[in-house]
Amino acid sequence: MVYFSTHEYNKVQFSTVELLRGLDVTWPTDESQRYFRSAIAPPRGTSKSIRLLFGYEEMPSAIQRGGTPLTKLNDALPVILSFVLTPAGMATICALSKRIRAVAWDAQAWSHNIIDTRGIQPMGFQAHRHWLLWRRAKHVINGNWTASNVGLLMCKEFAAWRWLQRQGSMCTHIYGKVVYVSQSRVPLNVTLLVEESEGDLIVGVTNARYPEHILESWMTPSCNYVFYGALLQPNETTLFTKLKDVVSENTTRHEKVPDGASFVTLSVSHKNIELRVSGPMTSSYTISAEHDECIHPTLGYFCVVISNTPCHIAPCWTLM
């Protein structure tokens, strides 16, 4: 009866038929089909819905938008997916169709995207390798899971880091200041997500490791430590090295820090120091200046934040 109601059963490959017969499956023949055709009367009635036949109300018809299907938009599909792709939503998006799944697993769909990896815990092989798609992302906010991902920590395309925790806290209160310091050395190009802060905020990189030495490198000129940073005030931003201001026309800029969460990127090269602040929508500015300090990459630099009160600042990956 199953084969009698299945269309085109006779087009099944011969090897499959032999396999089923080896499992004691009775394969239909022309003679058996003639028997069932004579035993079952032809259908009678005018009902075209099995729901109405059993007394159920008919479900409303699906409304399908006309025009080109989404999966046929070859060039636009990665751009469309970039607005909805998130690490946690990958399973749902990939289940829509094979075409969408293929595009979602392409790095182009993640271009210029802001990826928040906090609060997730990758499970499975594909999830643990998912970060390979983020090389073109605009920003990747670091999550705690990165500390146990050996492949990510050894990858030369990304530099993932987090704040050093002491006694369960990411900040240290010392000399009336609140100090945050990275757990590991960072490149001389770091990005932070400043979600909430009050008053002045100092963002920088230094070769000092401990909070007391960090404050020393910031407050007092020292031959042992160097400090490249920026002082962010509500209506003014100043670049500096150690304690002395950098002599440049663009050193101090009277620019209001964007309201709400902002991405702050500090870049230090052999001749220049640059700070980029980008807020919601299009609120952003850049300030740069020259410096005469000698960069020593072999020293190893740590990212630090100094503030008057505790603040919410999340480290972001450096895309090499």
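A few remarks follow.
- From the list T191, T220, T206, the one residue that fits, being surrounded by fewer than 19 Cβ atoms within 10 Å (Cβ to Cβ), of a type in the set (V, I, T) and in the same structural domain as P315 (by TED's automatic domain parsing), is T220.
- Within segment 48-72, considering residues that are assigned to a loop (DSSP other than H, G, I, E, B) and surrounded by 10 or more Cβ atoms within 10 Å (Cβ to Cβ), the one modelled with the lowest pLDDT: S49
- Strands (runs of 3 or more DSSP E) contained entirely in segment 114-189, each with at least 1 residues that are in contact (Cβ under 8 Å) with a residue 60 or more places away in the chain and of a type outside the set (A, V, I, L, M, F, W, C): 139-141, 177-181
- All of (1) under 22 Å from N144 (Cβ atoms); (2) out of contact with any Gly (no Cβ under 7 Å at 6 or more places or on another chain) hold for G176 with one exception: (1).
- Answer residue from segment 191-226, given it is in a loop (DSSP other than H, G, I, E, B), among the small types (G, A, S) and under 17 Å from F240 (Cβ atoms) and is farthest from the chain's Cα centre (by Cα) among those: S222
- Residue that is among the charged types (D, E, K, R), surrounded by 12 or more Cβ atoms within 10 Å (Cβ to Cβ) and farther than 29 Å from H312 by Cβ, where the choices are R99, R136, R162: R99
The values are calculated or read from the model by the stated rules, or taken from the named source; none is laboratory data. Given the structure is predicted, the values throughout are model-derived calculations rather than measurements. Cβ: placed from backbone, ideal geometry, glycine included. Neighbour counts: every protein chain shown.
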